[in-house]
Every structure is written in C-alpha cells, then in structure tokens.
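One structure below.
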C-alpha cells in the first residue's frame, strides 16, 4: 500500500511541474513591454481612434490571457480548469453585454 501512495505522489509532482523563477521574470518583462506600448499610445495623436482602440483592445486581451495562463497556472493545470475559466468568462461577457443593452434601452425612453 505504501508503494501505491509513493507512486501517486510521484505522478502528482510530475503533473504540476511549474516553471522556474527565471521564466516568471521573462513573463513579467513581456507584460511590462506590452504595458509600455499601451501607455505609449497616449502620445500617438496622429493615429485615429478607429485604429488605436482595436489595437489597445488586442493588447488588453493578450495581457489578460497571458496573466491567466501563467500566474493563475491555467497553462499547467488540467484542461478542465481552463474550460471552466473560459466558460465563466464568456458568461460574464454575455451578462455584461445584456446589462449594457438594458441600460441603453431604458435611457432612450
């Protein structure tokens, strides 16, 4: 019985192999660069809003999923957790959209 427990512990440790501190520093540097690019858009007065807003939205979404994958450990956990996370995110987005629609509808009257 103790052999079964030892094997279970070994497989548990292998399944949750997390990256080194160096990798987390690399991730932080990437996020800092993207954030600097976002802040840098403040001084781009010649770029029209129709271009700037989608670019900012793409950077925002990239950073969101990058943080979720690395710092919430979704990249290393079971795919089930990622599916739950994405399902919750989709549901929250739908509810948020419905609420915005409702507020716009009630203010037009």
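Could you look through segment 37-52, keep only residues that are without any contact (Cβ under 8 Å) to a residue 12 or more places away in the chain, part of a helix (DSSP H, G or I) and farther than 28 Å from residue 74 by Cα, and pick out the one that is farthest from the chain's Cα centre (by Cα)? Before you say what the answer is, go through the steps one by one.
Going through segment 37-52, the residues without any contact (Cβ under 8 Å) to a residue 12 or more places away in the chain turn out to be 39-40, 42-52.
So of that shortlist, the ones also part of a helix (DSSP H, G or I) come out as 39-40, 42-43, 49-52.
Add one more test, that the residue is farther than 28 Å from residue 74 by Cα, and what stays is 40, 42-43, 49-52.
Working: 40: 21, 42: 23, 43: 26, 49: 24, 50: 24, 51: 23, 52: 21 Å.
Here the residue is 43.
Within segment 13-36, one or more residues are over 23 Å from the mean Cα position of the chain (by Cα), in a helix (DSSP H, G or I) and modelled with pLDDT under 90.
The values are calculated or read from the model by the stated rules, or taken from the named source; none is laboratory data. Treat the numbers as computed from the prediction; the structure is a model and nothing was measured. For neighbour counting, all protein chains shown are included, and Cβ atoms are generated from backbone atoms with ideal geometry for every residue, glycine included.
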